[in-house]
Amino acid sequence: MTDREKLLEILTAIAFSDIRDYLDFGRDGLKAKSLAEIDNIKLYALKTYRANETRRSFCIRLHDKGKALAMLLKISGGHRSRMDLTNGI
C-alpha cells in the first residue's frame with residue numbers, strides 16, 4: 001500500500017466514523033468497547049479514548065469529520081476553490 005492510499009484510508013475512516021463503532025448500546029446500558037474490539041482502521045478516528053476497567057466510565061472524542069471530508073475532496077479533485085458562475089460567457 002502506498003503512502004497516498006494509506007492517507008486516503010485514514011481520512012475515510014475519520015470522515016465516516018460512527019460513535020457506535022466505539023460504544024456498546026446493550027441491555028445493561030452504555031459502555032465503551034475495548035480497543036481490541038474496534039477495527040484497527042477505525043482506531044485512527046479516535047482523538048481521545050479513556051475508559052476505566054469496567055468501561056462504564058469513559059471519555060471518547062473523534063477527530064473532526066468535516067476537515068477529513070474537506071481533505072478527501074481536495075485530494076480527489078472534487079473541491080474547487082472558486083466557482084465559475086459565468087457559464088462560459
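Please compute the length gained on full extension between GLU9 and ALA70, using 0.36 nm multiplied by the number of residues separating them and subtracting their Cα-Cα distance.
20.5 nm
Near LYS74, which lysines are there with a Cα under 30 Å away, not counting those fewer than 8 places off in the same chain?
Within reach: LYS6, LYS42, LYS47, LYS65.
Measure nothing fancy, just the Cα-based angle from helix 3-15's long axis to the longest principal axis of the chain, in degrees from 0 to 90, nearest 10.
The angle comes out at about 70 degrees.
If you line up the long axis of helix 65-76 against the longest principal axis of the chain, both from Cα atoms, how many degrees apart are they, to the nearest 10?
Taking Cα atoms only, the helix is inclined about 40 degrees.
One quarter of the convex hull surface, Cα atoms only: what value does that give for region 3-75 in nm²?
5.1
Relative contact order (percent) for region 3-75, with alpha-carbon contacts under 8 angstrom and 6 or more residues of separation?
Value for region 3-75: 36 percent.
Bear in mind that the values in this text are calculations on the coordinates, not laboratory data. These numbers come from a predicted model, not from an experiment.
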